[in-house]
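Step one of this worksheet: look at the structure below.
The values are calculated or read from the model by the stated rules, or taken from the named source; none is laboratory data. Everything numeric here is computed off the predicted structure, so don't read it as measured data. Note: ideal-geometry Cβ built from the backbone for every residue, glycine included; neighbour counts use all protein chains shown.
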Amino acid sequence: MHDFLTGPMFYVSFSVCIIGLLVRLILYIRGLAWQLDRVAYRAYPGLGWNGAIRSVLSWLLPFGTSSWRQQPLMTILFFGFHFGAVLIPLFLVAHNLFLKSKLGFSLFTIPQLLADTLSWMVVVSALLLVFRRIALPEVRILTTAYDYLIIALSTAPFITGLLARYEVGDYGFWLVMHILCAEILLIAIPFTKLSHIILFFASRTQLGMDYGIKRGGQKGTSMVW
Amino acid sequence: MPEGKLCNKKPVENEEALKALLADTGGQQYYKEMKELDVDSKLLWGTIEKTCKTRMRTWLEICAHCGMCADSCFLYLVNDRDPKQVPAYKIQSTLGKIIKAKGKVDNEFMHMVMETAWAKCTCCNRCGMYCPHGIDMGVMFGYVRGLCYQQGFVPWELKIGAGMHRVYHAQMDVTDEDFVETFKWMVEENEEDYPGLTVPVDKVGADIMYTVNAREVKHYPEDLAEAAILFHIAGENWTVPSSGWEQTSLSMFAGDWGACKMQVEHVYAAMERLKPKRMVGTECGHAHRATVIEGPYWAGRKDGKPPVECIHYVEWVAEALRTGKLKVDPAKRIKQPVTLQDSCNYIRNSGLKEVTREIISHIVEPGYFVEMSPNKEHNFCCGGGGGFNGIGLFRPQRNKALITKRDQIINTGAKLVIAPCHNCWDAIRDLNEEYKVGIKWSFLKPLLISMVEVPEHLKPEE
Ligand code: HEM
Ligand code: HEM
Ligand code: SF4
Ligand code: SF4
């Protein structure tokens, strides 16, 4: 099992995720229609990219927008979850050792203490995001089983990763479970709303261009997100 | 009975059809027929496949169902935080469901969609600023309105309004002759006070071509006179087209994209004919949105621009004050607490927040201007946007919606509201009437006329 998951399944899940996300991005861009969207994307590339970059960056900054500032609890949970969700898979020492042995290269790594903290933050934030979904009527009405599935898929590698990390019970078992959950997640990403990993940037870029080109950018005022 | 006599999928194309609809007081017969109207699922799904592209599909798919957009919607807030008013819920339960069902929805469902698209969303686009993914329900409800219109599920007044544009190239039964005559008549009325006041019709190559809202012609003709007087005092070389003078578009509120295209092309044709340096539109928000911001796309103009540079009235006023074409007598500036209504259509959706404040700095005595909270691009809809003001069927919902603006105004402590937008102006009038607030509200034109200095050579001889 371990050999299969770290062998063929690793290559499969890894490629499905990367290629899948690229395909999603290309399909997104190809489906943009200047006349239907009513944004002259090509006519004003400068204004468009200016609007786009502001639109993406303000939202990546904790408390960088009115919306983040008005909902501090959500902001903390969102960033608490996403710092780890993005940084751990990419920059964990263990992951990079594995990467090096598999693909012959590795990335920058983060100190173990930081990794532990971020991982715990992911699990705790995910739990609180679930509570938030149940507690707030305006979120409850939107929530479907699919949303819980997405949270479960996203959080499973963190829970199992931590169990392996602290060698709770059978290390080998938790490691196999960890890699299994992680690969399921990687495969699910392009086919579910987890595709937001790339489509977030696409959508924010599009709206930023809309504001930059059509809704005010030409007037020399920039949108305060 | 699938297609009604009054309520059907066909746009209104001629005067008789318009008259028949108008004769149906309050749309009683019309809405009765709507109850029987069939949904053409094939048409609905076919249209969606052709026009609902990745931008909207992605929005619907990646929406995290996080509810961060809830507090951004004034209709959610004012309706006691009814979860059914959460923007994401409104769009998922309408467009989202139609797409999931591949267009196979029934009459009852379409009634719900119609109510949601016109009475639960004014297309103010505020939620799009508060969603982390940048999902703009205002854009999507604009689209949903088009689907509803195509299926015949459109409020009676807007079916008529869109029909008016198709028949008269104006939102009301105002003909080109009515327009020119009314403008001339209003100018004559004021000639004594402003010797030499004229309305140059169809002058080729003027600096400014002025376009209006048909309501001014029909109900507020003094607005036309005021526009003429201000251009006169400012010494502008201006003109109005005898045809193509209507800047508004109720067809945009109705989702009648065919009529939208016809209407703006008519105005653009006037621009091509008269070759003015610029077009200036009246103090209307949706008119600017329709003719200047969205119009070029309906007309298929790849640069997203009308044939000549088009500006909103507030931009002209700011420029005239800046350059000294209009000079305000400092003694006559506003000396009472006053606030400003930011119209969604040209503040959030056209970036004119600073221009309007520049005007304020000229016409209000320092210290008397009070901002609403929130303001500028974060301002709330007046409560009557997107056609909401005009729909009798949804009047109770509209009146409830006015409460947001009422409270915003009351909280400023100001007794005067400057509202350079017809829709906002109406909404503020109605909220004052409905809730007895005791405020005054005004366009810029009358305020400016009361305070600008008339140059010696333009003054009447004693
Ligand atoms: C398929 C690829 C993956 C492999 C082979 C893999 C392998 C590993 C290994 C060997 C460890 C170290 C366990 C230990 O400390 O002994 C680990 C830890 C961890 N992994 Fe993965 N992993 C993969 C993907 C992921 C993904 C996609 C995520 C998150 C989305 C993730 C989250 C974690 C976490 C949170 C830890 C524990 C962090 C800590 O040390 O505090 N892993 N993983
Ligand atoms: C650069 C990468 C990413 C960006 C920009 C991003 C952005 C977002 C945004 C804007 C939302 C919706 C906002 C919200 O919930 O309030 C969201 C939700 C979510 N994201 Fe991401 N994300 C990224 C990567 C990831 C990754 C790698 C995972 C999983 C491991 C993930 C899992 C989730 C989940 C589960 C939610 C839903 C949270 C909830 O239920 O409230 N995201 N993300
Ligand atoms: S804020 Fe955006 S992602 Fe969250 S529920 Fe609203 S529309 Fe969906
Ligand atoms: S566009 Fe305005 S009215 Fe419509 S859902 Fe969004 S915030 Fe509410």
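Just one of the listed residues (B:G103, B:G142) is at positive phi and surrounded by fewer than 23 Cβ atoms within 10 Å (Cβ to Cβ), namely B:G103. Which members of segment B:122-151 meet the condition of being away from ligand 3 (no atom under 13 Å from the Cβ) and either at pLDDT below 95 or of a type outside the set (K, R) (or both)? Correct list: B:T122, B:C123, B:C124, B:G142, B:Y143, B:V144, B:G146, B:L147, B:C148, B:Y149, B:Q150, B:Q151.
For segment A:212-223, indicate whether the set of residues that are within 10 Å of another protein chain (Cβ to nearest Cβ), assigned to a loop (DSSP other than H, G, I, E, B) and in contact with a Ser or Thr (Cβ under 7 Å, 6 or more places away or on another chain) is non-empty. The answer is yes, given that some residue of segment A:212-223 is within 10 Å of another protein chain (Cβ to nearest Cβ), assigned to a loop (DSSP other than H, G, I, E, B) and in contact with a Ser or Thr (Cβ under 7 Å, 6 or more places away or on another chain). The sole residue among B:V364, B:V370, B:V437, B:V417 that is β-branched (V, I, T) and at pLDDT below 95 is B:V437. Among the residues of segment B:283-341, count how many are farther than 18 Å from B:S249 by Cα, in a helix (DSSP H, G or I) and either away from chain A (no Cβ under 14 Å) or in contact with a helix residue (DSSP H, G or I) (Cβ under 6 Å, 6 or more places away or on another chain) (or both). Number of matching residues: 11.
For segment B:373-400, a residue qualifies if it is farther than 22 Å from B:W156 by Cα and of a type in the set (G, A, S), and exactly one does: B:S373.
When you scan segment B:81-89, do you find a residue that is touching a residue at least 40 places away in the same chain (Cβ under 8 Å), within 8 Å of ligand 3 (Cβ to nearest atom) and closer than 26 Å to B:P374 by Cα, even just one? Yes, because at least one residue in segment B:81-89 is touching a residue at least 40 places away in the same chain (Cβ under 8 Å), within 8 Å of ligand 3 (Cβ to nearest atom) and closer than 26 Å to B:P374 by Cα. Of all residues in segment A:149-201, those being over 21 Å from A:V23 (Cβ atoms) and in a loop (DSSP other than H, G, I, E, B) number 5. For the residues A:I151, A:I141, A:I179, the requirement of being within 15 Å of ligand 1 (Cβ to nearest atom) and within 14 Å of another protein chain (Cβ to nearest Cβ) singles out A:I151. If the condition is being aromatic (F, W, Y) and part of a loop (DSSP other than H, G, I, E, B), then segment B:170-228 contributes B:Y194, B:Y220. On the basis of being outside the structural domain of B:V113 (by TED's automatic domain parsing), in a helix (DSSP H, G or I), at pLDDT 95 or above and surrounded by fewer than 18 Cβ atoms within 10 Å (Cβ to Cβ), does B:I428 make the cut? Judged against the criteria, B:I428 is not a match. Restricting to segment B:69-103, and then to whatever is more than 13 Å from ligand 4 (Cβ to nearest atom) and assigned to a helix (DSSP H, G or I), can you tell me which residue is farthest from the other protein chains (Cβ to nearest Cβ)? Looking at the filtered set, the residue picked out is B:I98. Scanning segment B:11-50 for residues that are closer than 26 Å to B:G96 by Cα, without any contact (Cβ under 8 Å) to a residue 24 or more places away in the chain and within 28 Å of the chain's Cα centre (by Cα) turns up just one, B:K50. Residues of segment B:104-129 that are farther than 23 Å from B:L250 by Cα, out of contact with any helix residue (DSSP H, G or I) (no Cβ under 6 Å at 6 or more places or on another chain) and either assigned to a loop (DSSP other than H, G, I, E, B) or away from ligand 2 (no atom under 16 Å from the Cβ) (or both): B:D106, B:N107, B:E108, B:F109. The sole residue among B:G392, B:G387 that is under 18 Å from B:W118 (Cβ atoms), touching a residue at least 24 places away in the same chain (Cβ under 8 Å) and in contact with a His (Cβ under 9 Å, 6 or more places away or on another chain) is B:G387.
Only residues that are surrounded by 21 or more Cβ atoms within 10 Å (Cβ to Cβ), more than 19 Å from the chain's Cα centre (by Cα) and not β-branched (V, I, T) were counted across segment B:106-127, and they come to 2. Filtering B:R395, B:R406 for residues that are within 25 Å of B:G351 (Cα to Cα), not assigned by TED's automatic domain parsing to the domain that holds B:H111 and not in a loop (DSSP other than H, G, I, E, B) leaves a single hit, B:R406.
Taking the condition of being closer than 30 Å to B:A331 by Cβ and not in a helix (DSSP H, G or I), how many residues in segment B:364-392 meet it?
The qualifying residues number 10.
Exactly one residue out of A:L97, A:L77 is within 10 Å of ligand 1 (Cβ to nearest atom) and either touching a residue at least 60 places away in the same chain (Cβ under 8 Å) or not polar (S, T, N, Q) (or both), and it is A:L97. Checking each residue of segment B:52-68 against the condition of being more than 14 Å from chain A (Cβ to nearest Cβ), under 27 Å from the mean Cα position of the chain (by Cα) and either over 28 Å from A:K193 (Cα atoms) or surrounded by 22 or more Cβ atoms within 10 Å (Cβ to Cβ) (or both) gives no match. Annotation: of all residues in segment B:433-450 being in a loop (DSSP other than H, G, I, E, B) and either without any contact (Cβ under 8 Å) to a residue 24 or more places away in the chain or polar (S, T, N, Q) (or both), the one that is nearest to B:N399 (Cα to Cα) is B:K436. Among the residues of segment A:40-53 satisfying the criterion of being out of contact with any helix residue (DSSP H, G or I) (no Cβ under 6 Å at 6 or more places or on another chain) and closer than 15 Å to A:S222 by Cα, which is nearest to ligand 3 (Cβ to nearest atom)? Going through the qualifying residues, I end up with A:I53. All told, B:P460 meets the bar of being touching an Asp or Glu at 6+ places or on another chain (Cβ under 8 Å) and either without any contact (Cβ under 8 Å) to a residue 12 or more places away in the chain or assigned to a loop (DSSP other than H, G, I, E, B) (or both).
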